[in-house]
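Every number here is computed from the coordinates shown, using simple stated rules; none is lab data. The structure displayed is predicted, hence computed values, not measured ones. Ideal geometry is used to build each Cβ from the backbone, glycine not excepted, and the neighbour counts take in all protein chains shown.
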Amino acid sequence: MCNICKPPQQQEATKSCMDCKASYCNECFKLHHPWGTPKAQHEYVGPTTNFRPKVLMCPEHEMEKVNMYCEVCRRPVCHLCKLGGSHANHKVTSMSSAYKILKEKLAKSIHYLISKEDQVRTQITELEVLINQTEENGQLAERRANEHFERLFETLQERKSEMLRSIEQSRSRRLNQLKGQVEEYQGMLENSGLVGYAQEVLKETDQSCFVQTAKQLHVRIQKATESLRTFHPAATPCFDEFVLETSKEETLLKEMCFGGDPPLIDLSHSRVYNEASICWRLSDDHLPTDHHVVEYRRWDSGVWRATDRVYGPSAVVCDLEPDSLYSFRVRSCRNSMFSPYSPEVTFHSPPAPAFGFLFSDKCGFSTERLILNKRRDTVESVAGMGFLLAAERVQTGSYIGLDYIIGDTGISQGRHYWAFKVEPYSYMVKVGVASDSKLLEWFHNPRDTSSPRYDHDSGHDSGSEDTCYELSQPFTLLTLGMGKLFIPKTSSSSSVSTANASSGDPSNRMLPMPQRLGVCLDYDACRVYFYDADTMRCLYERQVDCSGTMYPAFGLMGSGKVQLEEFITAKRLTF
């Protein structure tokens, strides 16, 4: 029976509370366990008189009581969980210790909330003020938007009326001209108008009267005859000059948004390889945006493709085709409204996928004259004391050699492309590829480099000796320095496609140094290409001996610096 009701109105119990250890009928339970109070969270079961102590059992081991607390998972566990279960390697503590610590934390938290009651009420008041302001400002923004659209509607209605009135006036004028011409020509018909009047005049027998009348009539008939020979309508029925072109206005209306300029693509930080890294920036006074969308297309396809939503100032576009021209544009979205598109920018993808590598400090690296940064993506040559001491002996014909450094990843098949930047102040930097089959022999058996004959670009012509030297050395390099790019001379062993390279005049073999230089190695075709990485214009190409594994190679002399592109050093691809 219900423990709360009193006889003779005592009711049968419908449920029992395990926390209160009492049974209740429906009405008494509602009265003593109201919603929104701690008692509403009590555990209740069907009517019972067996109020056993409440025991929490382990969910993983149903027959075991929980008697420990896992500090990692923050949940009660049993001893089996600790011995060989999922909590075997976790830190656990006794239930009494966990009870004491958690109770103290909860008591402190409750005390803190109680002490901050005034602050909570103040914040509630502030939130209520913000709710009212949001409602008022939202209604104000809606009214202003309606006003703007009403003005647009009025302007469109005015222009519509003016243009329709102009068409109506032109139509009326042309109809009047054509109807007048119809009446004039109808007068030429028999028994009407001019012809009928002429026929009556011909019946006149009095000579003097006939002559007086016929003279003016003859002039009118001549004019009518002339008009027949040179007939053309008095007005044209075509209204082509009243065709309205509204595509531009429709585009502007579709791009209408709540203020803010479109984003601008940052050309200095955007790069295109087999993937494109597109960066953009917003104006300083631009309102916050929800997301951005990048669209791109190949020039020969004409179909724009869009990326997923982008929540930062950059995006990576994947799976671009090699040696293709791509256009990119960006627009931002705020409050479900898109901004106008950014101005389109165009990039030319390289002829091969990006090859990822870092500089290697293992093979032939000079720690005395070359400085490699921690990321191993930048190498710098310093003109130190050794360079100055060697310069003292220049008068005796001493020649200063290059300090070489290669990439840490080799190529043994396929086509690959990489790009880098040579600082404009660099004295002399050579860039290209090197063969591992000749590198070891080169560094262990150094050549006699005391003569300028062994520099490709020194201007020395040693005939067959240079040819033999070129075949034996492991490097295929292009020279940059002092703001210039120097095209190597041709020889009987090389095949060069650049026109200027065959000229004997050194001035014809000099080009301005590109801001970024790209190298493409076609291993299977045994050919290397050098590009202006910004325009993807091929500056120089030649045959290369791919007898072993090929590595990106660099040589520096004097002050100079080479920095690999971040997209290259990211090693997005594995070869």
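List the residues of segment 355-383 whose backbone N lies under 18 Å from a point placed 7 Å from the Cα of V316 along the Cα-to-Cβ direction. Within reach of a label on V316: 355-358. For the peptides 532-539, 1-8, residues were scored by their other Cβ atoms within 10 Å and the scores averaged per peptide; the highest-first order is 532-539, 1-8.
For the pair E249 and A141 in one chain, pulling the backbone fully straight at 0.36 nm per residue adds 36.5 nm over the alpha carbon distance. Each Lys or Arg adds one and each Asp or Glu subtracts one; over the other residues with Cβ under 14 Å from the Cβ of E154, this totals -1.
Could you work out the relative contact order of segment 264-349? I mean the mean sequence separation of Cα pairs under 8 Å and 6+ apart, divided by the number of residues, in percent. Relative contact order, segment 264-349: 34 percent. Modelled spin-label separation between K179 and V120, with each label point placed 7 Å from Cα along the Cα-to-Cβ direction: 8.7 nm. For M513, the residues whose amide H sits under 5 Å from its own are K484, L485, ignoring neighbours fewer than 5 places away on the same chain, with H placed 1.01 Å from N. Below 8 Å, C-alpha to C-alpha, sequence gap of six or more: please give me the relative contact order for segment 129-256 in percent. 24 percent. Taken over segment 209-361, the convex hull of the Cα atoms encloses 254 Å³ per residue. Normalised by 2.2 N^0.38 Å, where N counts its residues, the alpha-carbon radius of gyration of segment 264-349 equals 1.06. Using a simple spin-label model with pseudo-atoms 7 Å out from Cα toward Cβ, N26 and M337 lie 5.5 nm apart. Taking a sphere under 13 Å around the Cβ of K362 and counting the other residues whose Cβ falls inside, with K and R at +1 and D and E at -1, yields a net charge of -2. Restricting attention to segment 129-256, the count of lysine pairs at 8 or more positions apart or across chains with alpha carbons under 26 Å apart stands at 6.
Measuring r between the beta carbons of A306 and Q543 and using R0 = 56 Å, the FRET efficiency lands at 0.85. Close amide H pairs (under 5 Å, H built 1.01 Å from N) link R334 with D290, S339, residues at least 5 positions away or on another chain.
Remark: segment 427-439, residue by residue, has Karplus-estimated 3J(HN,Hα) of 6, 7, 9, 10, 10, x, 9, 9, 9, 5, 5, 10, 5 Hz, where x stands for each Gly or Pro and the curve is 6.51 cos²θ - 1.76 cosθ + 1.60 at θ = phi - 60°. The simple spin-label model puts a point 7 Å past each Cα toward its Cβ; for S208 and T48 those points are separated by 14.8 nm. Treating r as the C-beta distance of A107 and T134 and R0 as 35 Å, the FRET efficiency rounds to 0.40. Peptides 225-237, 476-488, 26-38 ordered by packing proxy, namely the average of other Cβ atoms within 10 Å per residue, highest first: 476-488, 26-38, 225-237.
Expressed per residue, the C-alpha convex hull volume of segment 129-256 stands at 136 Å³.
Cross-link partners of K438 among lysines, defined as those whose alpha carbon lies under 23 angstrom from its own and excluding same-chain residues fewer than eight positions apart: K362, K430, K489.
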